[in-house]
Each structure stands twice: as C-alpha cells, then as structure tokens.
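Just below is one structure, and these are the notes that go with it.
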Amino acid sequence: LLATRDWHRKNRRLYTNQTMLNDTNGIYLPNRGIAALDPAKALSEADAKRYLYESVGLQPWTDSDSGGHLWNVGANYLQLTEKGLTRELGYVGTYGEVIDLVSEIYDVTRPSLGEPGDEKIRQQLIKIAEARCQFRYPALDGEGHEAMRLEQIVGWRDAHYPGEIAYAQRATRDASALQVAAMTLDPKLIGYAQQMIADNQLFASEVEAMNDRAQPLRTTIGRLATPDEYELIQSQPKGSHLLPMSKGQQNYVFSDEEDGVLGLKNGDETLYVSLYWRARFGINNLARVHHVTPTYDRIATVREDTKFDDSGMRFTWPDWTNMAFGNGGIKYPDADLHSAYAGVVQPIAKSPPDVSAQPGKENPYNGKGQFYTLHYGPYLIAMNMTRDQSFEVAMPPDATTATEFPSGRKVAGSVSVKPRTTVVILVTPSPTLAH
C-alpha cells in the first residue's frame, strides 16, 4: 500500500478523468488502508483529501509530487472549468463524462457506510453533472424511438456518431444512469432521470451496459445499487425539469469560455460548436460543428478567425499519417503515403509566465486563442476566452438584419464581447456556406 500510494503521488496524470482515477484509487484509498494498518505511516485525512479536491477542481492542481513526472501547466491550473466541464484540453465526449468517477470520489469520503461524504465534493458533483447535461440533444434510438443523446462529435476525442443515449448520466460499467440523481437528490438531476424513465430509455441503457462482455463481473457489480436507485427516484415527486435541449424547451445558449465550446437550442434546431478544437500544438483556426435540424444532421469542420497573443514560436506539422498526436501513432509500411498537413506551419500562442512552452510539445495553451469568431449559416458566434479583455465583433457588411440570440435584441454595426462571455448573432441573409 505504501509503495502504491507513493508511486501514484509522483506519477499523477494531467487529463481530468485520469487524475481522478489516479488520485482516488492510487492515493486516497491506499492511504485509508495504511491508516487502518499502520496509522503512523498514513497521510492525515486533510493531506490525503487534498488530492481529491485537486482532481475535482476545487483547488489548483499541484502536479506530481517532487521528484515525479511533471506536466508543466503552471500554478493556477484547475482540472475543471468554472462552469463544471473537464479540461482535456477542450471539450471531450465520453471521457468528459466523469459523473460516475466523482460519485465514487464522494462515496469514498464517507467516514462509514450510511454517513454522508464530503459536502464540497457533493456540490461539485452536482455542478459537473448539470454542466454535462447541456450536451444532450434530441435524437432517435436504434429502434426509432425518441431519446436524448450525448454530444460527442465536437469533442477532441471519442467523436462517435450519433453519440450514446444519456440523460442525467450515461450508464457505464461502474454505475447506472440513475446514480448521480439518487446520490444527490438534486431536483434538476431527478427531473432528468425521470425524463429518461418516461422515455423508456432507462432499461434499454441497462441492457446495453449488461451486454458489455469485456468486463462482465465489473459491470454486474456496477448494477448492484440500481434497484434501490430506481425505487428512490420513482418515489420522488414528479419534477418539472427537462434537459435544456429537449423538444419544447425555450431557446437557449450554454457556453464555456475555458473549454471553447457552446451548445444552443433554436426552436427545433440544436447546434454544438467547439471553437477551441484539436489545437494541440498551435493555432489552427478550425471549429468543429454539429448542426441538427428536423431535415438534416450536419457535421462540419469550419474555418474561423482567431485572435491570440503570439509567442513568436512556430510548429511545423510532421508527416504523420495515422494520428495527430502521440508521435503520429503507428507508421504505415507504404513509403509513398503522406499527410496532406505535412509542412503546415502554425503559430504558437503565448503561455502563462510560469509555463515553459516548446514547439511540438502539447500543453493547454499552445493552440488556445483569446477571441474566436465563427460565421456558420445564420449564426455569427463570438467567444471571448480572456479574463480581462473585451473585443469587438462587427456585423457582416452584407447583413440586412442582425439580432442577438436568444434575446432578439436588434444589433447594428458591432457588438462588444466582454471577458469570459459569448455572443451569438442571427444574421440575414445567411450565406450558403460557412465563412
């Protein structure tokens, strides 16, 4: 236990889901065992819990302990955004669904069975779950029935289409889709869980989880609490909360200016956009779009405008033909196969003073802009990712009308976009193709 705990203290993982697993199973739980067997060698509860607080974004992440592997992200790096999304490096699909992991973290802080766990972690769990629920959109299941699906297309990885069925929580090997609602009894999450039951999608999700034969024992253990969770949710008063992007809900915009992502509902349309998208090594001026309407479902990679603080360094894309990271992945034996990106030069944004950036070495800052502008169809989207600067976004010269969404306020000339805010403008006439 000592060797396990101390190795994981020196080898923490940067990505949010990975540090949660590392800090819970590699540090905190082994330390609980040490405290029971040899208290003199255990960290205090406060010292051990510090790793959990860092992994769920309650306090700045302090990297691996001295002498271990360091990730070079600076002194004030939080594992979650202020709005509750994971950072890896921007928005991700299933790997960003850490609700079951944070539920476990809350669970392990209980002094004993039946007692409540750490209240700060519980509140953070609710915040994370409600943030992730912005990324469920109306769709059909495999049999043509109405369902809500997890938005994955605009993510940095695991961009599966059309996305898993998910409401308050996606079912995993370790937990049912009711876990967080039953654990917290948060009114919104209860409403979302009840919506899943009403749509007849709960048991379908459980069947799909149980069909996972890769780790059948783990999946079975993960279902042990499901009957009690179902009974508890069914005993709650009928809630009024539906997922924000559900049919019939009001027009709506959710944006996260740290992850560079937004989702909006406009009548029967849903639009998800990642403005900071797969820019691992430098500014790429690319946005990822998923636009769903009653008549089409469109996935697009679109050029955008990026304002950034230039470091003066440049990254030149190598001839990677398999992956855009990890040294290009496996190498194909055909010597005549080349990447269309080989030789493309990208500017590198300036990192914080306490972060030493290097061309070709991934960090959260090399490809992150300060202000993004995207004109896609009728939508003009302007996102300010800074904490202390304002930017102006001008209306297109050919626009006859422009209204701020969803308020409907008329816009003329230009709009000021304040720090850590996003402005969406509906412009007519809209171009045939994105600008």
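The values are calculated or read from the model by the stated rules, or taken from the named source; none is laboratory data. This one's a predicted model, so the numbers in the text were calculated from it and none came from an experiment. Cβ atoms come from the backbone with ideal geometry, glycine included; neighbour counts cover every protein chain shown. Side chains are part of the model used for accessible areas, which takes the heavy atoms of the whole protein and leaves out ligands, DNA and RNA. Shrake-Rupley method; radii C 1.70, N 1.55, O 1.52, S 1.80 Å.
In the set Lys350, Lys331, which member is open to solvent by 40 Å² or more (accessible area, probe 1.4 Å) and modelled with pLDDT under 90?
The conditions single out Lys331.
Please work out which residue is least open to solvent (accessible area, probe 1.4 Å), limiting yourself to the range 283-300 and to residues that are polar (S, T, N, Q) and free of Cβ contacts under 8 Å to residues at least 24 places away in the same chain.
Asn285
Got at least one residue in the range 112-128 being in contact (Cβ under 8 Å) with a residue 12 or more places away in the chain, in a helix (DSSP H, G or I), open to solvent by 20 Å² or more (accessible area, probe 1.4 Å) and farther than 25 Å from Met196 by Cα?
Within the range 112-128, one or more residues are in contact (Cβ under 8 Å) with a residue 12 or more places away in the chain, in a helix (DSSP H, G or I), open to solvent by 20 Å² or more (accessible area, probe 1.4 Å) and farther than 25 Å from Met196 by Cα.
Of the numbered conditions (1) farther than 21 Å from Ala182 by Cβ; (2) surrounded by fewer than 21 Cβ atoms within 10 Å (Cβ to Cβ); (3) among the basic types (Lys, Arg), Arg87 satisfies every one except a single condition; which is it?
Here Arg87 clears every test but (2).
Kindly list the number of the only condition in (1) under 23 Å from Val424 (Cα atoms); (2) surrounded by fewer than 23 Cβ atoms within 10 Å (Cβ to Cβ); (3) in contact (Cβ under 8 Å) with a residue 12 or more places away in the chain that fails for Thr316.
Of the numbered conditions (1) under 23 Å from Val424 (Cα atoms); (2) surrounded by fewer than 23 Cβ atoms within 10 Å (Cβ to Cβ); (3) in contact (Cβ under 8 Å) with a residue 12 or more places away in the chain, the odd one out for Thr316 is (1).
So which residues in the range 145-185 are more than 19 Å from Arg298 (Cα to Cα), among the small types (Gly, Ala, Ser) and open to solvent by 10 Å² or more (accessible area, probe 1.4 Å), if there are any at all?
Passing the criteria: Ala171, Ala182.
Looking at this structure, is Gly239 under 20 Å from Arg132 (Cα atoms) and of a type outside the set (Lys, Arg)?
Here the answer is yes, as Gly239 does meet what is asked.
Give just the number: which of (1) assigned to a strand (DSSP E or B); (2) under 21 Å from the mean Cα position of the chain (by Cα) does Gly312 not satisfy?
Unmet condition: (2).
Collect the residues in the range 226-270 that are β-branched (Val, Ile, Thr) and within 28 Å of Arg387 (Cβ to Cβ), keeping them in residue-number order.
Answer for the range 226-270, where residues must be β-branched (Val, Ile, Thr) and within 28 Å of Arg387 (Cβ to Cβ): Val253, Val261.
For Gly239, work out the one condition from (1) small (Gly, Ala, Ser); (2) surrounded by 13 or more Cβ atoms within 10 Å (Cβ to Cβ); (3) modelled with pLDDT under 95; (4) under 25 Å from the mean Cα position of the chain (by Cα) it doesn't fulfil.
(4)
What are the residues in the range 365-387 that are among the aromatic types (Phe, Trp, Tyr) and part of a loop (DSSP other than H, G, I, E, B), if any?
Tyr365 - this is the single residue of the range 365-387 that is among the aromatic types (Phe, Trp, Tyr) and part of a loop (DSSP other than H, G, I, E, B).
Given the condition under 18 Å from Thr422 (Cα atoms), touching a residue at least 12 places away in the same chain (Cβ under 8 Å), more than 24 Å from the chain's Cα centre (by Cα) and surrounded by 15 or more Cβ atoms within 10 Å (Cβ to Cβ), answer yes or no: does some residue in the range 359-382 qualify?
Within the range 359-382, one or more residues are under 18 Å from Thr422 (Cα atoms), touching a residue at least 12 places away in the same chain (Cβ under 8 Å), more than 24 Å from the chain's Cα centre (by Cα) and surrounded by 15 or more Cβ atoms within 10 Å (Cβ to Cβ).
For the range 157-200, give me the residue count where each residue is on the phi > 0 side of the Ramachandran plot and more than 19 Å from the chain's Cα centre (by Cα).
Counting residues in the range 157-200 that are on the phi > 0 side of the Ramachandran plot and more than 19 Å from the chain's Cα centre (by Cα) gives 2.
If you check Thr401, Thr432, which single one turns out to be at pLDDT below 95 and in contact with a Ser or Thr (Cβ under 6 Å, 6 or more places away or on another chain)?
Thr401
Checking Arg387 against (1) touching a Lys or Arg at 6+ places or on another chain (Cβ under 8 Å); (2) surrounded by 12 or more Cβ atoms within 10 Å (Cβ to Cβ): exactly one of these is not met. Which one?
Status for Arg387: all satisfied but (2).
Going by the structure shown, is Arg13 at pLDDT 95 or above, within 24 Å of Asn366 (Cβ to Cβ), open to solvent by 60 Å² or more (accessible area, probe 1.4 Å) and of a type in the set (Lys, Arg)?
Answer is yes for this residue.
Hey, does the range 66-73 have a residue that's at pLDDT below 95, open to solvent by less than 10 Å² (accessible area, probe 1.4 Å) and among the β-branched types (Val, Ile, Thr)?
Checked against the condition, which is being at pLDDT below 95, open to solvent by less than 10 Å² (accessible area, probe 1.4 Å) and among the β-branched types (Val, Ile, Thr), the range 66-73 yields at least one hit.
Restricting to the range 374-393, name every residue that is of a type in the set (A, V, I, L, M, F, W, C) and within 19 Å of Val302 (Cβ to Cβ).
Passing the criteria: Leu374, Leu380, Ile381, Ala382, Met383, Met385, Val393.
Can you tell me which residue among Leu2, Leu58, Leu37 is modelled with pLDDT of 95 or more and crowded, with 16+ Cβ neighbours inside 10 Å?
None of the others qualify; the one that does is Leu58.
Tyr332 versus (1) touching a Lys or Arg at 6+ places or on another chain (Cβ under 7 Å); (2) without any contact (Cβ under 8 Å) to a residue 24 or more places away in the chain: which is the lone unmet condition?
Among (1) touching a Lys or Arg at 6+ places or on another chain (Cβ under 7 Å); (2) without any contact (Cβ under 8 Å) to a residue 24 or more places away in the chain, Tyr332 violates only (1).
Take the residues in the range 186-208 that are of a type in the set (S, T, N, Q) and open to solvent by 10 Å² or more (accessible area, probe 1.4 Å); name whichever of them is nearest to Thr293 (Cα to Cα).
Gln195
For the range 390-429, name all the residues that are of a type in the set (Gly, Ala, Ser), open to solvent by less than 60 Å² (accessible area, probe 1.4 Å) and part of a loop (DSSP other than H, G, I, E, B).
Ala399, Gly408, Gly413
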